[in-house]
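We did not get these values from a lab; they are worked out from the coordinates using the rules stated. Computed from a predicted structure; not experimentally measured. Here Cβ is always computed from backbone atoms with ideal geometry, including for glycine, and neighbour counts include all displayed protein chains.
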Amino acid sequence: MNTNYLQRITIDPEICHGKACIRGMRWPVEVIMDMLGSEMSISDIISEHPELVKEDILAALQYAKILTSGKSIKEVA
């Protein structure tokens, strides 16, 4: 597992009400997951939102995986 991706996830109470976001931008992880869940590919997401890069999408997936595993981010960092 590449934990370097997790460095792309930021939580700031001043951005998106403290939700986990991509690189301090107003891109919550949940929105990335919604796009993937609606069958958008990583390429589609990047094409429509050029401020995002592949590593951002992979970071969102890794973050979601950790949360659904019952582990905390601190346990894997």
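Observations on the model:
- Scanning the range 35-71 for residues that are assigned to a loop (DSSP other than H, G, I, E, B) and of a type in the set (Lys, Arg) yields one hit, Lys71.
- Evaluation of Ile32 against (1) under 21 Å from Ile66 (Cα atoms); (2) in contact with a Gly (Cβ under 8 Å, 6 or more places away or on another chain); (3) hydrophobic (A, V, I, L, M, F, W, C) (one fails), failing number: (2)
- Residue match in the range 16-39 (condition: among the aromatic types (Phe, Trp, Tyr) and either in contact (Cβ under 8 Å) with a residue 40 or more places away in the chain or on the phi > 0 side of the Ramachandran plot (or both)): no
- When residues in the range 11-30 are screened for being buried (at least 17 other Cβ atoms within 10 Å of the Cβ) and either hydroxyl-bearing (Ser, Thr, Tyr) or not in a loop (DSSP other than H, G, I, E, B) (or both), 6 of them pass.
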